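Right, one structure below, let's go through it.
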């Protein structure tokens, strides 16, 4: 007597949860597509180099740590020592409108506003074409605790 009651309860539960979709029903819900990211913009100006360096067991830095460039320039971040580094821009320390531009211009990014890891001898380039003027503060994710940070001032 228990088994038929359990089977009947399960059938009733399944019917209430799922059921068939009616053929003539109209579904008016649609998923909105996320806004498209702007296309990557090629640099139209000079290319500057920032070296990523380890000096001693706990000293990691960008050289130069402060750089002034023009809108349209590019910055190449070159791994010199310290095995691997990346460049991550602080979301709250970049000009309004810069996030979408940086995300479009950073190639092979593992997450928003961050470059891939760069091994010694390799480099990655970030174009500031289309980027608004202002200050762009950045850091190295694995060496953040060692105060590896920098700032790029973009002028019009």
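The values are calculated or read from the model by the stated rules, or taken from the named source; none is laboratory data. Treat the numbers as computed from the prediction; the structure is a model and nothing was measured. Note that we place each Cβ from the backbone using ideal geometry, even for glycine, and neighbour counts take in every protein chain shown.
Some notes on this structure:
- Any pair with Cβ under 6 angstrom, 6 or more apart, that starts in segment 100-120 at a residue that is within 14 Å of residue 75 (Cα to Cα) and ends at one that is exposed (fewer than 15 other Cβ atoms within 10 Å of the Cβ): 105/40
- The set of residues from segment 69-86 being on the phi < 0 side of the Ramachandran plot and not in a strand (DSSP E or B) comprises 71, 73, 80, 81, 86.
- Counted residues, segment 80-92 - those being free of Cβ contacts under 8 Å to residues at least 60 places away in the same chain, in contact with a strand residue (DSSP E or B) (Cβ under 6 Å, 6 or more places away or on another chain) and farther than 24 Å from residue 44 by Cα: 4
- In segment 123-145, the residues that are surrounded by fewer than 22 Cβ atoms within 10 Å (Cβ to Cβ), touching a residue at least 60 places away in the same chain (Cβ under 8 Å) and not in a strand (DSSP E or B): 129, 130, 132, 133, 143
- Scan segment 47-68 for residues that are in a strand (DSSP E or B) and more than 18 Å from residue 129 (Cα to Cα) and the total you get is 9.
- Residue within segment 32-46 that is at pLDDT 95 or above and on the phi < 0 side of the Ramachandran plot present: yes
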